[in-house]
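Before I ask anything, here is the structure I am working with.
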Amino acid sequence: MIKQILGYAAKSPTTPLVPYQFSIRELRDNDVSIDIAYCGVCHTDLHLARNDWGGSIYPLVPGHEIIGYISSVGSKVSRFKVGDLVGVGCMVDSCQQCVPCQQGFEQYCEEGFTLTYNSYDRRDNKLTHGGYSQSILCPEHFVLHIPNNLALEAVAPLLCAGITAWSPLRQWGVTKGSKVAVVGLGGLGHMALKLAYALGAEVTLFTRSKDKEADGRRLGAHHVVLSTDNVQMDAVKNEFDLIIDTVPYSHDINPYLSTLAIDGTLVIVGFVGEINQTINTVSMIFGRRSIAGSCIGGIKETQEMLDFCGKHNITADVEVIDIKNINKAYERMLNSDVKYRFVIDMKTLKAG
């Protein structure tokens, strides 16, 4: 039987999110059904709700940082059972046949992975809906075990912000003694600091704001460099093995390139689009330095990240909100008025 559930949706780029009832497909044999307890609020949710990048499909139910409990399982599900605490991140399917998928990097699926929302199901071509809702169906391959020692509301952002920071840390081999810098202190940046510190790296925060120094150090930065101060920037030339750039808008990356050590890499994780500034290749050529990009993480490395966070008691810094306040939360996000991630308590959906 097709189930009707309640969520919150954007019905156009210019209207606020409102309660929205919609149907979800029947449980497939490899699916689990999840009753959602918490859902993180990502800046991507705002961008897609307002069609900032083009391609938004309405009605649009956002949410890809989902924590909940399994309510039912398909006949072929083997890794989960009813009652399990689980999570779902940014993707709910991929071809699972191409080289990236076979290597465990489903986010680079050559056919394109299926987004948790604002995407079309590759089997029935129906629109996917996200975690601002009562429940979700997901193939078991894309479902994650959640450590039971962590505060659930603070785990939700790990499924996007956490893995987005973790993947480059792992792919570029960060370990004890590595020198890592993080550009920007927001949802992504605060997780990059926590995770790099826990991996044993010597961690530096690049920021344009003097007032972020104390928080940066609290979150794991050993050093804080004001990126607008030329003296401070000169003092860290040739320093870093890896820079994770979490800034979510177009900005000049040239000042950071000379702070990389030989064979160092600056990895862009926060901005999607064209960089307006011209990249000067002098620092790259005369230091064998690289610029790279990274997108979320595969399911295997996401589970690895969650297990690591469970072992080291790492979660996001969050502010829990009632879903009826989601539009206010979006406005506050635009004004950078959150430390460092909003999370919706989905019990409030029923109350609304």
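Based on the Kirkwood radius over alpha-carbon pairs, what is the Stokes-Einstein translational diffusion coefficient of the chain at 25 °C with 0.890 mPa s viscosity, in µm²/s?
Once the numbers are plugged in, D ends up at 118 µm²/s.
Any number yet on Rg/Rh for the stretch 162-293, C-alpha, Kirkwood?
Taking Rh as the inverse mean 1/r over Cα pairs, Rg/Rh reads 0.92.
Another one. Cα extents of the stretch 301-352 along the three principal axes, largest first, in whole Å?
Here the spans come out as 35, 29, 17 Å, largest first.
Carbon and sulfur: what percent of the chain's accessible surface (1.4 Å probe)?
Answer for the chain is 50 percent, counting heavy atoms of protein chains only.
Moving on to the next point. Based on the Cβ-Cβ distance from PHE22 to LYS176, what FRET efficiency comes out when R0 is 56 Å, to the nearest 0.05?
0.70
Between ASP234 and LYS347, with labels modelled 7 Å along Cα→Cβ, what's the label distance in nm to one decimal, could you check?
Each label point is offset 7 Å from its Cα along the Cβ direction, giving 5.8 nm.
Follow-up question, since we're still on this one. Only Lys, Arg, Asp and Glu count, each charged at its Cβ (+1, +1, -1, -1), so figure out the dipole size of the stretch 33-160 about its Cα centre, rounded to 20 debye.
220
Compute the signed sum of charges (Lys and Arg +1, Asp and Glu -1) over the other residues within less than 9 Å, Cβ to Cβ, of CYS138.
Around CYS138, the surrounding residues sum to -3.
How far apart, in nm, are the 7 Å Cα→Cβ label points at ASN313 and GLN96?
3.8
Using Cα pairs under 8 angstrom and six or more residues apart, how large is the relative contact order of the stretch 162-293, in percent?
21
Please give the FRET efficiency for LYS328 paired with ILE279, using the beta carbon to beta carbon distance and R0 = 30 Å, rounded to the nearest 0.05.
Efficiency, rounded to the nearest 0.05: 0.20.
Compute log10 of I(q)/I(0) for the stretch 52-159 with the Debye formula, placing one identical point scatterer on every Cα and leaving out solvent, at q = 0.09 Å⁻¹, to two decimals.
Log10 of I(q)/I(0), two decimals: -0.24.
Another question, if that's okay. So what does log10 I(q)/I(0) come out to for the stretch 265-324 at q = 0.19, 0.20 Å⁻¹, using the Debye formula with one equal point on every Cα and no solvent?
For the stretch 265-324 at q = 0.19, 0.20 Å⁻¹, log10 I(q)/I(0) is -0.93, -0.95.
Now for a different question. May I ask which of LYS176/LYS300; LYS300/LYS324; LYS328/LYS350; LYS81/LYS347; LYS76/LYS300; LYS3/LYS339 have a Cα-Cα span longer than 29 Å here?
Pairs exceeding 29 Å: LYS300/LYS324; LYS3/LYS339.
Shifting gears a bit: Quick check: net charge around LEU334, other residues with Cβ under 14 Å of its Cβ, Lys/Arg +1 and Asp/Glu -1?
-1
What span do the alpha-carbon atoms of the stretch 216-352 cover on each of the three principal axes, reported in whole Å from largest to smallest?
On the principal axes, the stretch 216-352 reaches 60, 34, 28 Å in Cα extent.
Shifting gears a bit: Cα centroid distance between the stretch 30-52 and the stretch 323-348, in Å?
Going from one Cα centre to the other spans 13 Å.
Calculate, for the chain, the solvent-accessible area per residue in square angstrom, rolling a 1.4 angstrom probe over the heavy atoms of the protein chains.
44
If you don't mind, there's one more thing I want to ask. At 1.4 Å probe size, with no ligands or nucleic acids counted, give the accessible surface of ASP337 in Å², nearest ten.
We get 80 Å² for ASP337.
Given 37 °C and 0.692 mPa s, how large is the Stokes-Einstein diffusion coefficient of the stretch 222-286 in µm²/s, with Rh as the Kirkwood radius over Cα pairs?
Here the translational diffusion coefficient equals 263 µm²/s.
Continuing with this model, one more query. Per residue of the chain, what 222 nm ellipticity follows from adding -39500 (n - 2.57) for every DSSP H run with n ≥ 4, rounded to the nearest 500?
-6000 deg cm²/dmol
Also, quick follow-up: Roughly how far apart, in whole Å, are the Cα centres of the stretch 161-177 and the stretch 267-318?
7
Here is a further query. Obtain the radius of gyration and the Kirkwood radius of the stretch 1-73 from its C-alpha atoms and give Rg over Rh.
Here Rg/Rh amounts to 1.00.
Same structure again: Regarding the stretch 79-131, what is the average projected area of its C-alpha convex hull, in nm²?
4.5
Run the numbers on the stretch 60-126 and let me know its relative contact order in percent, using alpha-carbon pairs under 8 Å that are six or more apart.
Reported relative contact order: 30 percent.
If you don't mind, another one. Provide the gained length on full extension for the span SER290 to ARG122, in nm with one decimal, where the gain is 0.36 nm per separating residue minus the Cα-Cα distance.
Difference between extended and current length: 56.9 nm.
Please compute the net charge surrounding PHE105, taking Lys and Arg as +1 and Asp and Glu as -1 over other residues with Cβ under 15 Å from its Cβ.
-4
Another one. Based on the inverse mean of 1/r over its pairs of different Cα atoms, what is the Kirkwood hydrodynamic radius of the stretch 94-229, in Å?
With all distinct Cα pairs of the stretch 94-229 included, I get 17.2 Å.
The values are calculated or read from the model by the stated rules, or taken from the named source; none is laboratory data. This is a predicted model, so every value here is computed, not measured. Cβ atoms come from the backbone with ideal geometry, glycine included; neighbour counts cover every protein chain shown. Side chains included, ligands, DNA and RNA excluded: accessible areas come from the protein's heavy atoms. Shrake-Rupley method; radii C 1.70, N 1.55, O 1.52, S 1.80 Å.
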